[in-house]
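Trainee: After the C-alpha cells below, expect a handful of questions from me.
The values are calculated or read from the model by the stated rules, or taken from the named source; none is laboratory data. Everything quoted here is computed from the prediction, not taken from an experiment. Cβ placement follows ideal geometry from the backbone for every residue including glycine, while neighbour counts extend to all protein chains displayed. For accessibility, only protein heavy atoms count, side chains too; no ligands or nucleic acids. Shrake-Rupley method; radii C 1.70, N 1.55, O 1.52, S 1.80 Å.
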Amino acid sequence: MVTDTGGIDDRSFNASSYQGLKDAAASDPAIVPSYVPSTTESDYTPNINSLVQKGCGIIVTVGFLMGDATQAAAKANPNQKFAIVDYNYSPPLPNVLGLIFNTAQAGFLGGYLAAGMTKTGTVATFGGQKLPTVTVYMDGFYDGVQYYNSQHGKHVKVLGWNEATQNGTFTGDFTDQSKGKSDTLAFIQQGADIIFPVAGNVGLGAAAAAQQNGNGVHLLWVDTDGCVSAPQYCSLFYSSVVKGISVAVAKAATDAAKGSFTGGNYVGTLANNGVGLAPYAKDVPQSLQTELATVKQGIISGSIKVASPSAPASS
Amino acid sequence: MTAAAPATDPRPSGEHPAEGPKGFVAAFVEAIVEGSSTTVTVLAVVAAIVIGGILIAFSDPHVLGKMGHFFSAPGAALGAAWDSASAAYSAMFRGAIVNFHTVSAASRGGSVTAVFNPISETIVNATPLIFAGLAVMLPFRAGLFNIGATGQFIGGAIVAGYLGFAVSLPPFIHVVVAVAGGFAGGAAVGWFVGFLRARTGANEVIVTIMLNYVAEYFLLYVLGTSPFRRPGRSDPITPFMHGTARLPHLAGASLRINAGILVALAAAAAVSWLLKRSTLGFEIRAVGANARAARGAGMNVERGYILVMLIAGGLAGLAAASVVLGTNYTVDPQIYGTYGIDAITIALLGRGTPLGVVLASLLYGALHAGGVTMVAATQTPIEIVTVIQSVIVLFVAAPPLVRALFRLRTPKQAEAVPLLAAPAVVTEP
C-alpha cells in the first residue's frame, strides 16, 4: 500500500486502508501487508514503482491525489492489480478497482444530527484541502442541516461551507493541527458549538480546541469512528461520519489473493453500509436517533434526495 | 576550491576585530567548512551509516524481541540486529545503485532497462538537489546565507509550469523557453532578496525565511485561480505539461532519467567557472572574504549581493523546472517538497564547491531512491534516511568529534578552506 501525505497514522483514511489490509491478512495468512509512506506528491510515482518491482499481489493507493500516478502505473503494468481509495476512472481500467464512497449521504445524517444537538443554533465544518472527496462530506453536512431546518422550522446556521457557492474554510493540508485549532477557535467565537472537521489529522487540532474551550463544544469525527481512532477525545464526539474504507480494502485484497479480483468501481453507500454514522454518544436523545433512522431509510429509498456535485455516480 | 585567490587568503577568523561581532550564522558556516577536510566528510558519512544501521536494528520489532533475551542469548540478538541492518542497507543498495536480480534476469533476456532503473532514480532524485545546492552554495561564497531556496523554487515552478501547460510552442523551443522561465521566476524572487540586502541592509536570513512562507501561500493562491486550474478538478493542481515542454527522457520512457541532469551538470560547471575564472566570481569571493576591504578596493558590494542572489534564485528556479518539466509534469501545492532545506545541508556537505555539491546531491539522491526500496522491502521506517542525512551533517559540523572517533590528527591550518568570511556587516558608505 502507498499512503498519501497524511501518513499511516492519520487516524483517518490511510489508517483505515491499512487496517483493511491487516484485517485481510488476519483472515488469510497468504496476505502479507506492507506499506510505503509518501511525504510529498512527488513521492507517489517512485513509491508505486517500488511496490511494482517488489511484486505485490495488489497495490492499494490511498487518496484522490494519487489518481494520476496510479493510472500511469496501471497502464505501464497491465498485469499488476491495483485498488485506489477515493478515485474512480471512467472508463474503468481493467486492472484497477476504484473504491469510492457516497459520503454525502453519511454527511447528511451528520448534519441532521448536529442540527438536532446544537444549543447555540450554529454548527461549523472545515476541510483539509478543497478536494471532491472532502467537499462531498461538507455538502452532505450542509444539506442535512438544511433538511433539519425545514423539518423542524429551525434556523441552524452552518459556518465554514456554502454548498451553493462551493466555498468554505480549508486549512490547506491534512497534517497541520495548529491550523485546525485556530480555525476551530474562530468558529467557536462565532457561536458554533458543534464542529465537523473533514481534514484527517488536522481534526485533532479541532478536538484540542474544543477541549480547551470546554463550554460544551462537541465534534463529529470523520472517516473512522473517532472513539476508536482518537479515544482521548471520545467524550467530545456525538458520533462520527464513517466511510467503510477498511472493509472495502480488505475485500479487494482478499479477492486479489483468491484470484477473483475484477477491476471497475465500488461505490459505498448507506444502502450497502459502505458509509454511515458510528455509534452515537449517550447524550444523543433517543428521539433524535429514531428520526435519524427514518432519515437514513428515506435516503436509501430515494425519498430524500442528497445532492452533491462531488458525489460519485451510483454504482 | 583549494586554489584560493589572494582575496580569500587572509584568515577571516578572529583576525579582523575591526569587522565587528561575528554573526552566529557566519561563525557556524565557518566552523563547518574550516574544520572539515575531505577525509572528515567521508568519515562522517561512514559514521552516519553505522549509526543508521544501529537505529535500523533497534527500530525492528523482531530485533527488539531478541534483545529481550540479550543476556541469555547475546549471539542471537546481535545476529538479528546484523540481519536487520544488512537487509535494510542491501535493499537500499538495490534501490539506489543496482539490483543483481535484474542483472541476471537481463542476461537471460529479461528487461535491460530494469537494470538501470536504480541509477536512474538516484540521478532523478539528485537533479533538483544539485540546482538547489548550488543556489545555497553560491551565496555562501559571498557571505550570504540563502535559506530561501524554497521560495525561489516556487517562483520557478509557477513560471516554468505556466509556460509548460498554457503556451504552445514548437518542440525544442518550448522546453528551452519553459526552463528559461523557471530560471527567471526563481531569479525574480532571489533578486528581491538581494535588492533588500543591498539597499536596506535587511538580513537575508530573515528575508528569505519569511519569503518562503509568502511564496508557499502565493503558490496555493495561484493554483486556485482559473488560469492554473485543471479542467474537471476542484483541487489546486495545474493541467499537465505539454509534451513539447517536457525535458526529454535520456533512456526511454520507462526510466525517469531526463535531460534535467545534463542541465544540472552544466549549471555546476558554469558556477565553477564563474567563481574561478570570471571577474564577477572574484568579486563574489572578495565580498565574501571581507566586504569592507572589497569596498575599499573599489568593488561594488551592493551590486555583488544583488547579482549573487539573482543567480542563486535562478538556480533554485531551475531546480523547480527540473521537477515540473522533468518528472511531475504538473504543479501541486507541495511541489517544493524539502528541496530548499536539503539544499542547505548539501551546500555544507559539499564544502562550498560546485563539485562537492554534485557529489553530495548524488549521495542524497541515492539515499532517497534507496530509501523507498528499503521501506518497500523491509518496512524500515523511511525516517531513517532523514536521520542518516542529519547525522552526516552533524558530524561534518563537528569535525573534532569525527577526528576523535577515528583518531585523526588535527589538520594543519593550511588544509582548511576558507569559504565564508567574517560577517558581511555592511556599513553605510
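Trainee: Any residue at all in segment B:207-215 that is under 14 Å from B:Ile147 (Cβ atoms), away from chain A (no Cβ under 14 Å) and more than 23 Å from the chain's Cα centre (by Cα)?
Mentor: no
Trainee: Of the residues B:Thr373, B:Thr378, only one is within 14 Å of another protein chain (Cβ to nearest Cβ), open to solvent by 30 Å² or more (accessible area, probe 1.4 Å), within 20 Å of B:Val50 (Cβ to Cβ) and hydroxyl-bearing (Ser, Thr, Tyr); which? Don't jump to the end; show me each part of the working.
Mentor: Working: B:Thr373 fails: within 20 Å of B:Val50 (Cβ to Cβ).
From the options B:Thr373, B:Thr378, the qualifying one is B:Thr378.
Trainee: Let me ask something else. Check segment B:20-27 and report whether any residue there is at pLDDT below 80, farther than 30 Å from B:Leu355 by Cβ and part of a loop (DSSP other than H, G, I, E, B).
Mentor: As a first pass, look at segment B:20-27 and keep what is at pLDDT below 80: B:20-27.
Then drop every residue that is not farther than 30 Å from B:Leu355 by Cβ, which leaves B:20-21.
Next cut, part of a loop (DSSP other than H, G, I, E, B) only: B:20-21.
The answer is yes, given that some residue of segment B:20-27 is at pLDDT below 80, farther than 30 Å from B:Leu355 by Cβ and part of a loop (DSSP other than H, G, I, E, B).
Trainee: Right, next: Report yes if some residue within segment A:91-114 is within 14 Å of chain B (Cβ to nearest Cβ), within 20 Å of A:Asp225 (Cα to Cα) and outside any strand (DSSP E or B); otherwise report no.
Mentor: Keep residues of segment A:91-114 that are within 14 Å of chain B (Cβ to nearest Cβ), which gives none.
No, because not a single residue in segment A:91-114 is within 14 Å of chain B (Cβ to nearest Cβ), within 20 Å of A:Asp225 (Cα to Cα) and outside any strand (DSSP E or B).
Trainee: Considering each residue of segment A:7-47, count those that are among the β-branched types (Val, Ile, Thr), in a helix (DSSP H, G or I) and touching a strand residue (DSSP E or B) at 6+ places or on another chain (Cβ under 7 Å), and give that number.
Mentor: Start the filter on segment A:7-47 by keeping residues that are among the β-branched types (Val, Ile, Thr), which leaves A:8, A:31-32, A:36, A:39-40, A:45.
After this cut, where a residue has to be in a helix (DSSP H, G or I) as well, the list is A:45.
From what's left, touching a strand residue (DSSP E or B) at 6+ places or on another chain (Cβ under 7 Å): none.
Qualifying residue count for the region: 0.
Trainee: Given segment A:142-248, what strands (runs of 3 or more DSSP E) lie entirely inside it while holding 1 or more residues that are touching a helix residue (DSSP H, G or I) at 6+ places or on another chain (Cβ under 9 Å), closer than 15 Å to A:Ala281 by Cβ and open to solvent by 10 Å² or more (accessible area, probe 1.4 Å)?
Mentor: Details: elements: A:157-159, A:194-198, A:218-223, A:237-243.
Because the criterion is at least 1 residues that are touching a helix residue (DSSP H, G or I) at 6+ places or on another chain (Cβ under 9 Å), closer than 15 Å to A:Ala281 by Cβ and open to solvent by 10 Å² or more (accessible area, probe 1.4 Å), the strands (runs of 3 or more DSSP E) in segment A:142-248 that meet it are A:218-223, A:237-243.
Trainee: Moving on to the next point. From the list B:Arg351, B:Arg303, exactly one residue is out of contact with any Lys or Arg (no Cβ under 9 Å at 6 or more places or on another chain), among the charged types (D, E, K, R), assigned to a loop (DSSP other than H, G, I, E, B) and touching a residue at least 24 places away in the same chain (Cβ under 8 Å). Which is it?
Mentor: Working: B:Arg303 fails: assigned to a loop (DSSP other than H, G, I, E, B).
Criteria check complete, one pass: B:Arg351.
Trainee: Among residues belonging to segment A:58-72 that are at pLDDT 90 or above and not in a helix (DSSP H, G or I), point out the one that is most open to solvent (accessible area, probe 1.4 Å).
Mentor: Checking each candidate, the answer is A:Ile58.
Trainee: Here's something else I'd like to know. Every residue in segment B:88-114 that is touching a residue at least 12 places away in the same chain (Cβ under 8 Å) and farther than 20 Å from A:Pro46 by Cβ, please. Talk me through it step by step, then tell me what you get.
Mentor: Within segment B:88-114, the first condition is being touching a residue at least 12 places away in the same chain (Cβ under 8 Å), and the residues that meet it are B:88-89, B:91-99, B:102-103, B:113-114.
Result: B:Val103, single match.
Trainee: Oh, and also: How many of the residues in segment B:359-370 are touching a residue at least 24 places away in the same chain (Cβ under 8 Å), away from chain A (no Cβ under 14 Å) and surrounded by fewer than 24 Cβ atoms within 10 Å (Cβ to Cβ)?
Mentor: Qualifying residue count for the region: 2.
Trainee: Any chance you could count how many residues in segment B:219-231 are within 23 Å of B:Ile147 (Cβ to Cβ) and surrounded by fewer than 16 Cβ atoms within 10 Å (Cβ to Cβ)?
Mentor: Just the residues of segment B:219-231 that are within 23 Å of B:Ile147 (Cβ to Cβ), to begin with: B:219-222.
Remaining after also requiring surrounded by fewer than 16 Cβ atoms within 10 Å (Cβ to Cβ): B:221.
So the count comes out to 1.
Trainee: Filter segment A:276-315 down to residues that are assigned to a helix (DSSP H, G or I), touching a residue at least 24 places away in the same chain (Cβ under 8 Å) and open to solvent by 80 Å² or more (accessible area, probe 1.4 Å), then give me how many there are. Quick ask: steps written out before the conclusion?
Mentor: In the first step, residues of segment A:276-315 are kept if they are assigned to a helix (DSSP H, G or I); the result is A:286-301.
Now narrow it down to the ones that are touching a residue at least 24 places away in the same chain (Cβ under 8 Å): A:288, A:291-292, A:295-296, A:299-300.
Checking which are open to solvent by 80 Å² or more (accessible area, probe 1.4 Å) leaves us with none.
Of the residues in that region, 0 qualify.
Trainee: Examine segment B:75-89 for a residue that is within 13 Å of another protein chain (Cβ to nearest Cβ) and more than 30 Å from B:Ala267 (Cα to Cα), and state whether such a residue exists.
Mentor: Going residue by residue through segment B:75-89, those that are within 13 Å of another protein chain (Cβ to nearest Cβ) are none.
No, every residue in segment B:75-89 fails to be within 13 Å of another protein chain (Cβ to nearest Cβ) and more than 30 Å from B:Ala267 (Cα to Cα).
Trainee: Determine whether A:Leu131 is among the hydrophobic types (A, V, I, L, M, F, W, C) and within 21 Å of B:Arg229 (Cα to Cα).
Mentor: Values: among the hydrophobic types (A, V, I, L, M, F, W, C): yes; within 21 Å of B:Arg229 (Cα to Cα): yes.
Yes.
Trainee: Can you tell me how many residues within segment B:302-329 are surrounded by fewer than 24 Cβ atoms within 10 Å (Cβ to Cβ) and either in contact with a Pro (Cβ under 8 Å, 6 or more places away or on another chain) or away from every other protein chain (no Cβ under 14 Å) (or both)?
Mentor: So the count comes out to 5.
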